[in-house]
Amino acid sequence: MFLEYFDVKRTDWSPQTVATMLSRLQQSGYQGLTIDVHGLLERFVQPRADRTLDASLTGAEHFTEILIPPAQPRTRIILHRSAQDVARVVVIGRSQHDVHTSMTAVKMHLEHALGAKLKDAITDENGRAGINRFRRDVLPVLGLLGEGRPSGLRHPDGASLLKSLRQQPAIRGKPTVLTSRVGALAPDRPAEQTRDALEQLAADGVVERWNVVMCREGGQWLAVSTNADQVKAFMASNVACPHCGRRVSDEQTDTAYRLGEDGQSYLGDNRWMADLVETTLRKLGVEAVTVQPGGKTLDGAACYHGAVLLFRAREGVPSAADAKALRDDARKVESKDLRAHAILVSDQPVPDEVKATGITVVGGVGALEPALAEVLNSARLANLQTLLPPVLHPVAVSLSDLLPAEQPQTVAAS
Ligand SMILES: [Zn+2]
């Protein structure tokens, strides 16, 4: 279930205004519960010429309308008065795309019906107010400074590539791979893509790049340099290969990528995992994410649909103490009257005693995305509960109109 919503503040939410809005939507092909109920009334109460839609809405101050948009029949739009001067529009659907499309269309119709720029009247949209509060009040309490990713790996798969690179044989103390072998780092994708990613990592300074001259026959390395011009000069010389006797100009060249000092330390703390959590959250549509790996109890936090997600990313087997410390941080957030989800992510299977702490635990990076998707879904559902009224108030009907009007009696002569 996905949702988008906004609140419109306006002093005039008279029945006439609401009726104008609903009529406009109906004319545009929207099916509406209130509109339909109003149409049905005639069957149950006295027919009255003056029973217009706005008369039916009079007195229904907290009316709720449920609409089915013509173009996305599988989404629902709920419109209700959440306060005296505030109307709330909530769109729910099975996919983010459907929801967004329906929201864009309904905004256009409302703007037209209200005759005013909606943008200026919207007081909250998709929990933006909550995100501001998260940045202002929650992050400092958690000891997180603010938005950002200090490490600066720009490639989304950077962390997993560095990890694979770390498994490669070391040359002069640093794990190294030749361009001709980069396919082995990520067997499930074209080698070309992996090489581009390594170039990006070299530009970010976490991977070192060597130009290598190799013996065509035995594969021995004859010379290396970070400077391409120096390798060219060497190739142009009359020097011969000690192994096969060829002139070096006839030998082959390659590029070697090596895990640099910065790359080592990036993997040394849990930063690569924290990055993975961040990348996955953003991919799933979470905008407000703050990552600060290396903290005592947590590595980052995010705000999503009014809930604060706190996470810890651990390389290796996490302990129950890790989980409890994270849970305590979550309680700090809850004491500020906010919903909190604590998530402990490990690249290893998680022991039962850690699971028993009651927080969300993810054992293995492969399980990360589905686990986060589930947490986000429950955050959306919980938010929906707070956004909608518990019961439906459709139209107001005067019960005095229930009985049909009395027919004049004709008395039969006896
Ligand atoms: Zn040779």
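Just check the stretch 208-259 against the gyration tensor rule for me: Cα atoms, a ≥ b ≥ c as the square roots of the eigenvalues, rounded for a/c under 1.5, and otherwise prolate or oblate depending on whether a/b exceeds b/c.
Numbers: a/c = 2.84, a/b = 1.42, b/c = 1.99.
Here the stretch 208-259 falls in the oblate category.
Over the stretch 271-384, what is the relative contact order in percent, taking alpha-carbon pairs closer than 8 angstrom and at least six residues apart?
Working: 197 pairs, mean separation 25.4, N = 114.
This gives 22 percent for the stretch 271-384.
Put a dot 7 Å past the Cα of residue 172, heading toward its Cβ, do the same for residue 186, and the two dots end up 2.7 nm apart.
Rounded to whole numbers, the Karplus 3J(HN,Hα) couplings from phi for the stretch 324-341 are 5, 4, 5, 4, 4, 4, 4, 5, 4, 5, 5, 5, 9, 6, 10, 6, 9, 10 Hz, using 6.51 cos²θ - 1.76 cosθ + 1.60 with θ = phi - 60°, and x at Gly and Pro.
Rounded to whole numbers, the Karplus 3J(HN,Hα) couplings from phi for the stretch 305-322 are 6, x, 9, 9, 9, 10, 9, 10, 10, 10, 7, x, 7, x, 9, 4, 5, 4 Hz, using 6.51 cos²θ - 1.76 cosθ + 1.60 with θ = phi - 60°, and x at Gly and Pro. Between amide H atoms placed 1.01 Å from N, distances below 5 Å from residue 31 occur with 68, all of them 5 or more places distant or on a separate chain.
Can you give the charge dipole size of the chain about its Cα centre, rounded to the nearest 20 debye, using +1 on the beta carbon of Lys and Arg and -1 on the beta carbon of Asp and Glu?
Details: 47 positive and 49 negative charges, 116 e Å.
The dipole magnitude comes to about 560 debye.
Report relative contact order for the chain in percent, whole number only (criteria: Cα-Cα under 8 Å, sequence separation at least 6). This gives 16 percent for the chain.
What angle do you read, to the nearest 10 degrees and between 0 and 90, between the alpha-carbon axis of helix 191-203 and the longest principal axis of the chain? Roughly 80 degrees, rounded to the nearest 10. Quick check on the chain: take the gyration tensor over C-alpha atoms, sort the square-rooted eigenvalues as a ≥ b ≥ c, and tell me if it's rounded (a/c under 1.5), prolate or oblate. Prolate is the answer for the chain, as a/c is 1.5 or above and a/b outweighs b/c.
Amide H to amide H, with H built 1.01 Å from N, residue 313 comes under 5 Å of 299, 345, counting only residues 5 or more places away or on other chains. Could you pull out every one of the lysines with an alpha carbon less than 21 Å from that of residue 355, ignoring same-chain neighbours closer than 8 positions? Within the straight-line cut-off, residue 355 pairs with 296, 324, 332.
Of the residues 124, 229, 196, the one that moves most in a GNM of the chain with alpha-carbon contacts below 10 Å is 229. Computed from Cα atoms, the angle from the helix 96-114 axis to the main principal axis of the chain rounds to 40 degrees. Quick one: grab the alpha carbon gyration tensor of the stretch 2-126, order the square roots of its eigenvalues as a ≥ b ≥ c, and give me rounded if a/c is under 1.5, else prolate or oblate depending on whether a/b is larger than b/c. In terms of gyration-tensor shape, oblate. Straight-distance candidates among the lysines for linking to residue 174, with alpha-carbon spacing under 26 Å and chain neighbours fewer than 8 residues away dropped: 163, 232.
Divide by every residue of the chain the summed helix terms, -39500 (n - 2.57) for each DSSP H run of at least 4, and state the resulting mean residue ellipticity at 222 nm, rounded to the nearest 500 deg cm²/dmol. Mind showing how you got there, number by number?
On the way: 14 runs with 146 residues, N = 414.
Estimated from H runs of four or more residues: -10500 deg cm²/dmol.
Report the residue, chosen from 136, 380, 209, that carries the largest GNM mean-square fluctuation when the chain is represented by alpha-carbon nodes joined by springs under 10 Å. Residue with maximal mean-square fluctuation among 136, 380, 209: 136. Using θ = phi - 60° in the Karplus curve 6.51 cos²θ - 1.76 cosθ + 1.60, the 3J(HN,Hα) couplings for the stretch 162-171 round to 4, 5, 5, 4, 4, 7, 6, x, 7, 10 Hz; x is entered for Gly and Pro.
Taking every eigenvalue of the Cα gyration tensor of the stretch 223-337, multiplying by 5 and rooting it, what semi-axes result, largest first, whole Å?
The answer is 52, 16, 10 Å, longest axis first.
For the ranges 307-315, 234-242, 368-376, what's the packing order if you count other beta-carbon atoms within 10 Å of each residue, average per peptide, and put the highest first?
Numbers: 307-315: 24.4, 234-242: 13.4, 368-376: 17.3.
For the peptides 307-315, 234-242, 368-376, the packing ranking is 307-315, 368-376, 234-242.
Using a Gaussian network model of the chain in which every pair of alpha carbons under 10 angstrom is joined by a spring, one finds that among 13, 221, 210 the greatest mean-square fluctuation is at 221. Cross-link partners of residue 9 among lysines, defined as those whose alpha carbon lies under 25 angstrom from its own and excluding same-chain residues fewer than eight positions apart: 107, 117, 119.
Any read-out appearing in this document is the output of simple, stated calculations on the displayed coordinates, not a laboratory observation. Quick caveat, the model's predicted, so the values are computed rather than measured. Cβ sites come from the backbone with ideal geometry, for glycine too, and all protein chains shown count toward neighbours.
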